[in-house]
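Quick notes on the structure that follows.
Throughout, read-outs are computed from the coordinates displayed, never taken from laboratory work. These figures come from a predicted structure and were not determined experimentally. All Cβ positions, even for glycine, are placed from backbone atoms using ideal geometry, and neighbour counts span all protein chains on display.
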Amino acid sequence: MLELKNLVFEVSDEKGKTVRILDDVSLTVPDGKFYVITGPNGGGKSTLARVIMGLEKPTSGKIIYNGVDITDMDVTEKAKLGIGYAFQQPPRFKGLTVSKMLSLAAGKTLNDKECCTYLAKVGLCSAEYVKRELDSSLSGGEMKRIEIATLMARNPELAIFDEPEAGIDLWSFAMLVETFKNMQKKGGRTTVIISHQERIMTLADEMVVIADGKIKSVGERDEMLPKLMREFSPRCVKTQD
């Protein structure tokens with residue numbers, strides 16, 4: 001179980017003024033649940049994900065994971081505890097092949113057949129990708145899907161995805177949604193996804209809305225999603241000819 005207790009994250013702007021990005025955020029994510037965190041741009045969603053993973057240190061507050069205070073642990077220590085993180089923009093590594101990355105994630109050497117099994121789950125033509133390098137020859141959508149396959153190979157107890165739909169084409173997005181559907185149906189893994197996309201929100205067990213650094217609402221998908229759609233649909237209504 002993941003528990004966030006009164007998290008605050010502050011930075012200094014160009015004039016030296018303190019800006020509060022996260023403001024007293026408290027949240028409990030039970031084991032095996034599929035959570036989607038959404039809200040307006042600049043509201044603090046991605047910052048929260050980075051703080052949980054240890055890429056940023058909170059100014060105050062605590063992060064408790066399975067009863068252990070992990071607030072001051074770095075990203076490596078948290079990864080060893082079973083927390084996985086998928087970047088909004090996955091890093092590229094020239095010279096590192098997809099098969100090698102999958103093997104590193106799994107903690108053992110995977111043969112081509114085993115690598116193909118993971119890649120097939122994210123809709124990639126396995127034979128074509130196993131030996132490719134994680135460099136600029138891969139599109140944003142390909143990198144996203146490979147990163148998800150990498151998390152699957154690692155099989156973390158808690159998987160955090162920061163806006164997995166960002167910068168990818170419609171085909172890749174459709175494949176991502178199917179991948180998340182399969183993850184949700186399979187269950188067992190605690191999943192937290194930062195997303196604006198309705199098709200991803202529909203997969204959630206619970207939804208969290210963050211704006212202005214604060215949690216505005218938390219609830220079950222069937223309760224939360226209709227409210228969000230009613231709130232935003234008037235802005236998107238198309239005038240009939």
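For the pair Glu128 and Asn155, the difference between a 0.36 nm per residue extended length and the Cα-Cα distance amounts to 7.4 nm. Backbone phi angles across the stretch 66-80, fed through the Karplus curve with coefficients 6.51, -1.76 and 1.60 (θ = phi - 60°), yield HN-Hα couplings of 6, x, 10, 6, 10, 3, 9, 6, 8, 4, 5, 5, 5, 4, 5 Hz in residue order; Gly and Pro are listed as x. Computed about its Cα centre, the charge dipole of the stretch 2-232 is approximately 440 debye, with only Lys, Arg, Asp and Glu carrying charge at their Cβ. For Tyr85, the residues 5 or more places off, or on other chains, whose built amide H falls under 5 Å of its own are Ile160.
Along the stretch 7-24 the Karplus relation, 6.51 cos²θ - 1.76 cosθ + 1.60 evaluated at θ = phi - 60°, assigns HN-Hα couplings of 6, 10, 9, 10, 9, 9, 7, 4, 9, x, 7, 6, 10, 8, 8, 10, 10, 6 Hz to successive residues, with x for each Gly and Pro. In plain terms, the chain from Asp69 to Lys17 could stretch by 15.7 nm, reckoned as 0.36 nm per residue minus the Cα-Cα distance.
Any number yet on Rg/Rh for the chain, C-alpha, Kirkwood? Answer for the chain: 0.98. Taking the fewest neighbouring Cβ atoms within 10 Å as the starting point, the ordered list for Ser12, Ser60, Ser103 is Ser12, Ser60, Ser103.
Taken one residue at a time, the phi angles of the stretch 104-120 give Karplus couplings (6.51, -1.76, 1.60, θ = phi - 60°) of 4, 5, 6, x, 7, 6, 9, 7, 4, 5, 5, 4, 4, 4, 5, 5, 4 Hz. Gly and Pro are set to x. The base-10 log of I(q)/I(0) for the stretch 41-128, evaluated at q = 0.18, 0.20 Å⁻¹, reads -0.93, -1.02 [Debye formula, identical scatterers on Cα atoms, solvent excluded].
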